[in-house]
Every structure is written in C-alpha cells, then in structure tokens.
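Read-outs: derived from the displayed coordinates by stated rules, not from any lab. Remember, predicted model here, so these are calculated numbers, not experimental data. Neighbour counts run over all protein chains shown; Cβ positions are idealised from the backbone, glycine included.
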Amino acid sequence: MEAILYLLRTGIQWKALPRCLGAPSTVHDRFQEWRAAGVFEDAWREALRTYDSDVGLAWRWQSLDGGMNKAPLGGPATGPNPTDRGKRGVKRSILTDAEGIPLAAVIAPANRHDCKLLEPTLEARVLLPPVTSQNLCLDKGYDFPFCREIAVDFQFTPHIRPIGEEPRRMERHRKRRARRWVVERTLGWLNRCRRLLVRWEKKAENHLAFLSFACIWIIHRAVARSSGASGAL
C-alpha cells in the first residue's frame, strides 16, 4: 500500500518504482487485486467514518464541481478536451462537504458537460448523511431545471447562481460565507497527486482507484491536522 501511495504522489511509471518498496510486478498485481475487490472504496468509506467521529463531517453545506485533466493514452471515460485543442482528456466530478472533504467522485470524458454528471456523482456518495437538511452549492454550469430537480430528489436545497448574473458588490458581505470554493480547492489538492495530474491508465477503473486513494490521502491529512499530528503522508 505504501508503494501504491508512492506511485500516486510521484506519478512515476510502475517499472520505476524503487526496489525498497517492492517488486513493481508484485505491487501492480496487488493493486489490481485490491481494485477488483473494492478495497479502495471501502477504505475511503472507513476514512470518512473516522473523520466524522474525530472531527465531524459538515453535511449541511456541500459543493459539487468538475475538473479536466489530460489523458494522452485515451481509453474508456476519455474524450476531446474542449479547453485543450480537442486533445484526449478526462473529467472528474467531485462532491465535498463544507470543509472540502471528498464524499463522492466519478470520471467521464472531458467533453461531457458538468450538468450531466450531477446525478451520477450524487449516486456515487461513499457515505450517506445522517441528516436530510442539506444544501448543495453549484456554479452556473448547473443552471438547468433538471439539475434543480435532481438536487431536490436527493433531498438537497440547490444554490445555483443563474447564468448571466454576476455577483454584485453589495452581496459581498462579511457575514455571508462563500461555500462553493471548497470543491475547487479539493480539485487542486487532487492535482498534487501527480498520478492524477495526467491520466496514464488506459483502464477507467484503475484511474478511479487512484482517485479514491487520493481522496483517502486528503482525509488522512485533515484528521492529522485536527489532532495536531504531522500527517507525514
């Protein structure tokens, strides 16, 4: 597991794995076995439960957004990137709590509109909330009637700035806390894992396993910060 984390953080090739962390073929075999057995998703769920017990998940306000990354080798769940001259890319859609802790993640081709990933992302929640009073913050890319209906179906109160409406100066009040930016920060945290910065996995399920492991890494660091530990990971 330490070797897989090393691969996730550095983005090196399997064959370049330092021998002190194990034989690359053995690490790759274990990764495939654990991915097929759902180990990474189960570990993500347990990490969320630990965080909820030690710190407390901020369920009341949640944020959702998508980000795109390069995928030069193509494969399933990749498509033309509309912001990179049509090169192959992958989009990841992330749901977080009010503090940026990842609660769900899905991947899709880069040319898939964010609004099309709203329902799959909400369905992919690793841990369900114990409360029904939830708010969901979304950007203008989700300003469609069916997105509001989906949010309501999942027991959310949607907060979406309408297309064409810009924030007014009078709205920038100190007592009004900005809540959507936390998901942007989480997407930035994920990009610190160089294995995710550029997708080299041809198999979508392998890339999703690394994405799940990165979410576990984020949660571990948050737990370590709350306890005053160094969080060496």
message: At 7 Å along Cα-to-Cβ for each site, give me the label-to-label distance between residue 205 and residue 46 in nm.
response: 2.1
query: Taking other Cβ within 10 Å of each residue's Cβ, how do 160, 219, 12, 94 sort, fewest first?
result: 12, 160, 219, 94
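State to the nearest 20 debye the size of the charge dipole of the chain about its Cα centre, where the only charges are +1 on K and R beta carbons and -1 on D and E beta carbons. Walk me through the numbers on the way to the answer.
Numbers: 38 positive and 25 negative charges, 204 e Å.
So the dipole magnitude of the chain works out to roughly 980 debye.
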field: GNM top mover of 121, 50, 78 - the chain, alpha-carbon springs below 10 Å
entry: 50
message: At 0.36 nm per residue, and after removing the present C-alpha to C-alpha distance, how many nm does the segment from residue 53 to residue 132 gain when stretched out fully?
response: 26.6 nm
- prompt: Using alpha carbon centroids, what distance separates region 95-143 and region 14-84, in Å?
  reply: 16
field: Mean Kyte hydropathy of 0.5 or more with a Cα span along the axis of at least 15 Å, helices from DSSP in the chain
entry: 204-227
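Take every DSSP beta bridge whose two residues both sit in the chain, then give the antiparallel share in percent to the nearest 5.
Around 65 percent of the beta bridges assigned by DSSP in the chain are antiparallel ones.
Mean projection of the alpha-carbon convex hull of region 43-116 over all orientations, in nm²? Write out the running numbers ahead of the final one.
Details: hull surface 23.3 nm².
Average projection, Cα convex hull of region 43-116: 5.8 nm².
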query: Under a no-solvent Debye model with one identical scatterer per Cα of the chain, what's log10 I(q)/I(0) at q = 0.13, 0.15, 0.16, 0.17 Å⁻¹?
result: -0.82, -1.07, -1.20, -1.32
query: Distance in nm between label sites at residue 163 and residue 124, each 7 Å beyond Cα in the beta-carbon direction?
result: 2.4
message: Can you tell me the length gained on complete extension of the stretch residue 36 to residue 153, counting 0.36 nm per residue apart and subtracting the Cα distance?
response: 39.0 nm
- line: Most fluctuating of 187, 127, 57 in the GNM of the chain (C-alpha, under 10 Å) is 127
task: Enumerate the whole-percent occupancy of each 5 Å bin, from 0 to the last occupied one, for all C-alpha pair distances of region 108-148.
output: 5, 18, 26, 27, 16, 7, 2
